[in-house]
Amino acid sequence: LRLLPQQRYLQAERAEVSALERKRNILCCLITRILKAEKQLHIDNLVFRVTDACQKGELGPGLQFLSFCCHSVDVLSCVLRLLNQGYVRRQEGRPQVLEY
């Protein structure tokens, strides 16, 4: 019997998946926090506020996290996820406005 060395690429792949999940969770929390405070917000303004908070490393009042690169596509993907889960909804007659 010959033992094969542990495959490092699998560990790297798991670490990347974990990092992407953490990023998605942070973005979803940030979107939810902003919409809770504002009650409703145009999607363009929401994307701007989330990307700005990511660059500054601010999660909310008194909370800090490491800043990370965040693109509008990442934010929109999280918005769609929250819409599908029912945490966020579109305003009737104005689908570009989101409500918490």
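Tabulated results
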item: Options LEU30, LEU20: the member that is farther than 23 Å from GLN96 by Cα, at pLDDT 60 or above and under 18 Å from the mean Cα position of the chain (by Cα); result: LEU20
item: Close pairs from region 76-99: first modelled with pLDDT of 90 or more, partner acidic (Asp, Glu) and open to solvent by less than 40 Å² (accessible area, probe 1.4 Å), Cβ under 8 Å, at least 6 apart; result: VAL88/GLU99; ARG89/GLU99; ARG90/GLU99
item: Near pairs, Cβ below 6 angstrom, 6+ apart or cross-chain, from region 18-42 (free of Cβ contacts under 8 Å to residues at least 40 places away in the same chain) to any residue that is crowded, with 17+ Cβ neighbours inside 10 Å; result: LEU30/VAL50; LEU30/ALA53; ILE34/ARG49
item: Checking CYS54 against (1) open to solvent by less than 40 Å² (accessible area, probe 1.4 Å); (2) modelled with pLDDT of 90 or more, the condition it does not meet; result: (2)
item: Subset of region 27-56 (residues that are touching a helix residue (DSSP H, G or I) at 6+ places or on another chain (Cβ under 8 Å), more than 15 Å from SER72 (Cβ to Cβ) and among the aliphatic types (A, V, I, L, M)); result: LEU35
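The values are calculated or read from the model by the stated rules, or taken from the named source; none is laboratory data. It should be emphasised that the depicted structure is a prediction, and the values quoted were computed from it without experimental measurement. Ideal geometry is used to build each Cβ from the backbone, glycine not excepted, and the neighbour counts take in all protein chains shown. SASA here: full protein model, heavy atoms, side chains in, ligands and nucleic acids out. Shrake-Rupley method; radii C 1.70, N 1.55, O 1.52, S 1.80 Å.
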